[in-house]
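Q: If you scroll down you'll find the structure; I have some questions about it.
The values are calculated or read from the model by the stated rules, or taken from the named source; none is laboratory data. Note that the structure is predicted; figures quoted are calculated from it, not measured. Backbone-built Cβ (ideal geometry, glycine too); neighbour counts: all protein chains shown.
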């Protein structure tokens, strides 16, 4: 077909001066056909597998959306178990969130679910977004990043709590030190008052004794 189109283009090129007005639209159409006839970048077997998977999931659309609405999340990863073809719905607010929730659940144990290499994230019915195709390897990488981020946040929370506890202990120690200092100052003031009274009394006695001796 491509050779036939090239021959057609060659003939039109020879007659350009005479058919310029009608030749350009025909050339454009020929180029579009050549482009459409070019081989797909996706292997045929893979394309057929994806179409088959999409058709199989589409037949479970009602069950998928029911599971999503009952979960209260934005969407869910929908897949067909690679072993028995049963529908598996993994709710979450994003593909990575859904995969992380699945990974932390007992259902992810060995032999529970045979997850295919390619999955589909279906959004809730009221979310105007088309389904997303994601690979299991990418989901695993994202889950690892989310887990690392969660551990950092947990560690940060521990550090913040330890800092808050240390601050409370320091504040309590400072308050106790201020109270002790205030008590010591009060005691010192009382001691100074007592000393002043003693000195005054001693001076008065000395003055009285001096007056008696003089008389």
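Q: On the given criteria, is residue 8 loosely packed, with under 12 Cβ neighbours inside 10 Å, at pLDDT below 90 and in a helix (DSSP H, G or I)? Before you say what the answer is, go through the steps one by one.
A: On the way: loosely packed, with under 12 Cβ neighbours inside 10 Å: no; at pLDDT below 90: yes; in a helix (DSSP H, G or I): yes.
Against the criterion (loosely packed, with under 12 Cβ neighbours inside 10 Å, at pLDDT below 90 and in a helix (DSSP H, G or I)), residue 8 does not qualify.
Q: A further question follows. Determine whether residue 67 is in contact with a helix residue (DSSP H, G or I) (Cβ under 6 Å, 6 or more places away or on another chain), surrounded by 10 or more Cβ atoms within 10 Å (Cβ to Cβ), in the same structural domain as residue 56 (by TED's automatic domain parsing) and in contact (Cβ under 8 Å) with a residue 24 or more places away in the chain.
A: no
Q: Condition test on residue 146, is it in contact with a helix residue (DSSP H, G or I) (Cβ under 7 Å, 6 or more places away or on another chain) and either modelled with pLDDT under 85 or closer than 30 Å to residue 54 by Cα (or both)?
A: yes
Q: While we're looking at this one, here's another question. In this structure, is residue 116 touching a strand residue (DSSP E or B) at 6+ places or on another chain (Cβ under 8 Å), assigned to a loop (DSSP other than H, G, I, E, B) and in the same structural domain as residue 65 (by TED's automatic domain parsing)?
A: Yes.
Q: Residues that are in contact with a helix residue (DSSP H, G or I) (Cβ under 9 Å, 6 or more places away or on another chain) and without any contact (Cβ under 8 Å) to a residue 12 or more places away in the chain: does region 174-187 have at least one? Please lay out each step first, then the result.
A: From region 174-187, those in contact with a helix residue (DSSP H, G or I) (Cβ under 9 Å, 6 or more places away or on another chain) are none; that's our starting set.
No - not one qualifying residue is present in region 174-187.
Q: For residue 22, state whether it is farther than 30 Å from residue 147 by Cβ, at pLDDT below 60 and out of contact with any strand residue (DSSP E or B) (no Cβ under 6 Å at 6 or more places or on another chain). Show your work before the answer.
A: Numbers: farther than 30 Å from residue 147 by Cβ: yes; at pLDDT below 60: yes; out of contact with any strand residue (DSSP E or B) (no Cβ under 6 Å at 6 or more places or on another chain): yes.
Considered against the rule, which asks whether it is farther than 30 Å from residue 147 by Cβ, at pLDDT below 60 and out of contact with any strand residue (DSSP E or B) (no Cβ under 6 Å at 6 or more places or on another chain), residue 22 comes out as yes.
Q: Which numbered condition in (1) crowded, with 17+ Cβ neighbours inside 10 Å; (2) at pLDDT 90 or above is the only one that residue 100 fails?
A: The single condition residue 100 does not satisfy is (2).
Q: Which of the residues spanning region 130-141 are within 22 Å of residue 52 (Cβ to Cβ) and either in the same structural domain as residue 68 (by TED's automatic domain parsing) or surrounded by fewer than 20 Cβ atoms within 10 Å (Cβ to Cβ) (or both)?
A: Step one: of region 130-141, the residues within 22 Å of residue 52 (Cβ to Cβ) are 130-139.
130, 131, 132, 133, 134, 135, 136, 137, 138, listed by residue number.
For (1) in a helix (DSSP H, G or I); (2) at pLDDT below 85; (3) loosely packed, with under 10 Cβ neighbours inside 10 Å, each residue gets a yes or a no:
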{"position": "128", "(1), (2), (3)": "no, no, yes"}
{"position": "170", "(1), (2), (3)": "yes, no, no"}
{"position": "195", "(1), (2), (3)": "yes, yes, no"}
{"position": "208", "(1), (2), (3)": "yes, yes, no"}
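Q: Follow-up. Scanning region 70-96 for residues that are assigned to a helix (DSSP H, G or I) and surrounded by 20 or more Cβ atoms within 10 Å (Cβ to Cβ), which turns out farthest from the chain's Cα centre (by Cα)? Show your work before the answer.
A: Initial filter on region 70-96 (assigned to a helix (DSSP H, G or I)): 70-71, 95-96.
Checking the rest, the ones that are also surrounded by 20 or more Cβ atoms within 10 Å (Cβ to Cβ) come to 95-96.
Numbers: 95: 11, 96: 8 Å.
Here the residue is 95.
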